[in-house]
Amino acid sequence: MIGLIQRVSEASVTIGGETAGRIGPGLLVLAGFRRGDRAERIPRFVERLLNYRVFADGEGRMNVSLRDAGGGLLLVPQFTLAADTDSGNRPSFTPAAPPAEGEALFAELVEQVEREWPDSAFGRFGADMQVALVNDGPVTFWIEVD
């Protein structure tokens, strides 16, 4: 599982001209799944998202998690994160989870986040989405959970 985490002052996802999700300050997470990713690892992924310290403490150091700071969590599925970009000029999506697997994993991720974090919003797997954000910092991290 891959998470591209961006600390934002605001973010939204629009599908078909309708806002599907919007948050104020918090985290926008683009979530990608690879072949072999297992649903049993999703709790660890959620734990990392909520506890990763990317917000400033009183001294301005990144030492505060979303769980500690509060704020929104916007999850957007993005299979392109799992692409193989090692050679050529066109990405290969062979490493990405097949669509049915990716959709099931994202659905499980959404379910677990909804239980853990009430201030959450979501994109929709397989949809043509427009994502808008104001990256705060900018602060962006790539995390993986195998």
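Assorted remarks:
- For the chain, the longest site-free run once trypsin sites (Lys or Arg not before Pro) in DSSP loop states with at most 14 other Cβ atoms within 10 Å are removed: 62-146
- With a cut-off of 19 Å on the backbone N, the residues of region 1-19 near the modelled label site 7 Å out from Ile143 along Cα-Cβ are 1-11.
- Among the GluC sites (Glu not before Pro) in region 13-71, those located in a DSSP loop and surrounded by at most 16 other Cβ atoms within 10 Å of their own Cβ are Glu59.
- Inter-label distance for Arg38 and Ser9, nm, one decimal - labels placed 7 Å from Cα along Cα-to-Cβ: 4.3 nm
- Remark: Asp119, Asp37 ranked as Asp119, Asp37, counting other beta-carbon atoms within 10 Å and listing the fewest first.
- Listed residues Ile23, Ile42, Ile15, most fluctuating in the chain (Gaussian network, C-alpha, under 10 Å): Ile15
- When all alpha carbon pairs of the chain are counted in 5 Å bins from zero, the resulting P(r) reads 2, 10, 19, 23, 20, 15, 7, 3, 1, 0 %.
- Neighbour net charge for Pro95 - beta-carbon separation under 9 angstrom, K R +1, D E -1: +1
- Only Lys, Arg, Asp and Glu carry charge here, each on its Cβ (+1 for the first two, -1 for the last two); on that basis the chain has a dipole of about 160 debye about its Cα centre.
- Here is the size of region 29-114 from its Cα atoms: Rg then Dmax, 15.4, 46 Å.
- Förster radius 30 Å - calculated FRET efficiency between Val64 and Ala107, Cβ distance, rounded to 0.05: 0.50
FYI, it's all coordinate maths here, none of it is from the lab. This one's a predicted model, so the numbers in the text were calculated from it and none came from an experiment. Ideal geometry is used to build each Cβ from the backbone, glycine not excepted, and the neighbour counts take in all protein chains shown.
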